[in-house]
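The values are calculated or read from the model by the stated rules, or taken from the named source; none is laboratory data. Here the structure is a predicted model, which is why all the values come from computation and not from measurement. Here the Cβ is made from the backbone with ideal geometry for all residues, glycine too, and neighbour counts use every protein chain on show. Keep in mind that these areas ignore ligands, DNA and RNA; they rest on the heavy atoms of the full protein, side chains included. Shrake-Rupley method; radii C 1.70, N 1.55, O 1.52, S 1.80 Å.
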Amino acid sequence: MSTINHPSEFDDALMEPEPLLVDFFSTGCGPCAVVEPMLSALAELGRVRVLKVDVGRHPALAVRYGIQSVPTLIGFRAGEIVSRHVGLPSQHRLEGMVDALTQSTDCCSPLRSNPV
């Protein structure tokens, strides 16, 4: 798990083939502090890359993704948004986000309707 220092790091991470779970957070945010160890544990499993974006240091990224509340977690696969959660997620919700990010792309995305 890493925290970006420059917006270009974020853009570079989006270009990588591995699934990416991004935590938009703010220092001093209680729920953000609670979710951090949960995200660390997920990162250690190695199924997804976890990237943290401090919205106070990178407001343009927050605006780009419509972040209005923290924590906001957004899952990306191949640069596309696959899942999004605003607020403190349960462990079950985090696992569901990781599952959505790592499932086969042959099927439909959780944010798209099922094919007919």
(message) How large are Rg and Dmax for the chain when calculated on the C-alpha trace, in angstrom?
(response) 13.5, 46
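Around Ser40, under 13 Å between beta carbons, what's the net of Lys plus Arg minus Asp minus Glu among the other residues?
Taking every Cβ under 13 Å from that of Ser40, the sum is -1.
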(request) Looking at segment 1-78, send over the antiparallel percent of its DSSP beta bridges, to the nearest 5. (result) 40 percent
(message) If you count only protein heavy atoms with a 1.4 Å probe, what accessible area per residue comes out for segment 1-65, rounded to a whole Å²?
(response) 51 Å²
(message) Taking all protein chains in place and a 1.4 Å probe, what share, in percent, of the accessible surface of segment 1-114 do carbon and sulfur account for?
(response) 53 percent
(request) With runs of 4+ DSSP H residues as the only contributors, calculate the mean residue ellipticity of the chain at 222 nm using -39,500 (n - 2.57) per run, divided by the residue total and rounded to the nearest 500. (result) -11000 deg cm²/dmol
